[in-house]
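Trainee: Structure incoming, see below.
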Amino acid sequence: MGEARLRDDRVAIRAALLQLRRETGLPVTFGGPVLRERRLQLSELVGTVTNSLQGLAVAPGSGLGGKVVALGRVLALNDYPSARGITHDYDAAVGAEGLRAIIAVPVVVRRTVRGVLYGAARSTASLGDRALGAAVDTARALEQNLVVRDELDARRASVREVADAGRGAWTSAEWEEVREAHTELRLLAQRTEDAELRTRLQSVCERLAAAQGPTGTPLPAAALTPRELDVLACVAAGCTNAESASRLGLRPETVKSYLRQAMRKLGTHGRLETVIAARRAGLLP
């Protein structure tokens, strides 16, 4: 795992832990990424009063977190010190923080455990369905954000490789790859609930759209709305109105309406003409 991706993962995990604490009311949440050799590192702590868990490296299969990494599923303990079915390699660290009831949820990305989120209380308790449901929902939302971040990084790397080969030497196939990346990133931006990530994705889309440079008269930035651009990006990728609607989560009639509005603003009369006009204006790659 690269340093940049690891840093981004830790930021995302901390945000998820803050959310988990709000959603469950549990006083302590903590967790971290899974590194090489499937070793979990506890790097993010919320609500702790000691540093006993900070930086703790948990081996796969060991303790509660290690078992979660090994099995890839949620585990909950009502009383950690007396729990059977786990090893107690980390009792000293857990005991120093006074934790008793603990839930641990894996963060699984493309069938690989990428991290673990914990929620804990300092008294024995039966962790109810509400806490378990909130913990799972928080982990699933984090998984989605990590998938989007990975896709963004991969697409940026792909575009950078094409750019390094020399803009003037780009082939039609390479431009189609850029355009497909642009379409996918616009769709990802619409799906993510992370506002900061959405802004980053939209910024990359704008850079991709400007990569070829306007070959006609540029339009004002606000000439087309984000949704109109989303529809045009799908049309440019060869989608029918029904396919565009499915990809964007809209009705076909709504897609037609956005397309008509784009045509009116660009002064065009057909799908292909509209896409060409948007490219000439630097709105699409």
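The values are calculated or read from the model by the stated rules, or taken from the named source; none is laboratory data. Here the structure is a predicted model, which means the values were calculated and not measured. Every residue, glycine among them, receives a Cβ derived from its backbone with ideal geometry; neighbour counts consider all protein chains shown. Surface accessibility is based on the protein's heavy atoms, side chains included, excluding ligands, DNA and RNA. Shrake-Rupley method; radii C 1.70, N 1.55, O 1.52, S 1.80 Å.
Trainee: With a cap of 10 neighbouring Cβ atoms within 10 Å, and only residues DSSP puts in a loop, list the trypsin sites (Lys or Arg not before Pro) found in segment 18-90.
Mentor: R84
Trainee: Follow-up question, since we're still on this one. Under the rule of at least 5 residues apart or a separate chain, name every residue whose amide H is placed under 5 Å from the amide H of D194.
Mentor: When sequence neighbours closer than 5 places are left aside, there are no close amide H contacts.
Trainee: Using θ = phi - 60° and the Karplus curve 6.51 cos²θ - 1.76 cosθ + 1.60, what whole-Hz ³J(HN,Hα) does each residue of segment 120-136 get, with Gly and Pro shown as x?
Mentor: Values per residue, Gly and Pro as x: 8, 10, 8, 9, 5, 7, 8, 6, x, 4, 5, 5, 5, x, 5, 5, 5 Hz.
Trainee: State in Å² the accessible area per residue of the chain; use a 1.4 Å probe, count heavy atoms of protein chains only, and round to the nearest integer.
Mentor: Details: 13970 Å² over 285 residues.
In whole numbers, the chain has 49 Å² accessible per residue.
Trainee: Treating the beta-carbon of each Lys and Arg as +1 and of each Asp and Glu as -1, no other charges, what is the dipole magnitude of the chain about its Cα centre, to the nearest 20 debye? Show your work: numbers first, answer last.
Mentor: Details: 40 positive and 32 negative charges, 84 e Å.
Result for the chain is approximately 400 debye, rounded to the nearest 20.
Trainee: For the chain, which whole-number percentage of the solvent-accessible area (1.4 Å probe, protein heavy atoms only) is attributable to carbon and sulfur atoms? Please list the in-between numbers first.
Mentor: Details: 6940 of 13970 Å².
For the chain, the apolar C and S fraction of the accessible surface comes to 50 percent.
Trainee: Report, by chain and number, residues whose modeled amide H sits under 5 Å from the one on R114, excluding near sequence neighbours (fewer than 5 apart, same chain).
Mentor: V107, V108, V109
Trainee: Go through segment 102-115 residue by residue and turn each phi into a ³J(HN,Hα) via Karplus (6.51, -1.76, 1.60, θ = phi - 60°); whole Hz please, and just put x for glycine and proline.
Mentor: Karplus values, whole Hz, x for Gly and Pro: 9, 10, 10, 10, x, 10, 10, 10, 6, 6, 10, 6, 9, x.
Trainee: Multiplying the sequence separation of E243 and L272 by 0.36 nm and subtracting their Cα-Cα distance, what value in nm do you get? Display every interim value, and only then the final one.
Mentor: On the way: separation 29, 0.36 × 29 = 10.44 nm, distance 1.63 nm.
The E243-L272 span can extend by a further 8.8 nm.
Trainee: A further question follows. Can you work out ³J(HN,Hα) from phi for every residue in segment 271-285, in order, using Karplus 6.51 cos²θ - 1.76 cosθ + 1.60 and θ = phi - 60°, giving whole Hz and x for Gly and Pro?
Mentor: With coefficients 6.51, -1.76 and 1.60, one gets 4, 5, 4, 5, 4, 4, 5, 5, 5, 5, 7, x, 8, 9, x Hz.
Trainee: Around L75, which amide H atoms from residues at least 5 apart in sequence, or from another chain, sit under 5 Å from its own amide H, with H modelled in the peptide plane?
Mentor: When sequence neighbours closer than 5 places are left aside, the close amide H contacts are A104.
Trainee: Okay, helix-only estimate at 222 nm for the chain: each DSSP H run of n ≥ 4 adds -39500 (n - 2.57), divide by all residues, round to 500 deg cm²/dmol; what do you get?
Mentor: On the way: 10 runs with 153 residues, N = 285.
Helix contribution divided over all residues of the chain: -17500 deg cm²/dmol.
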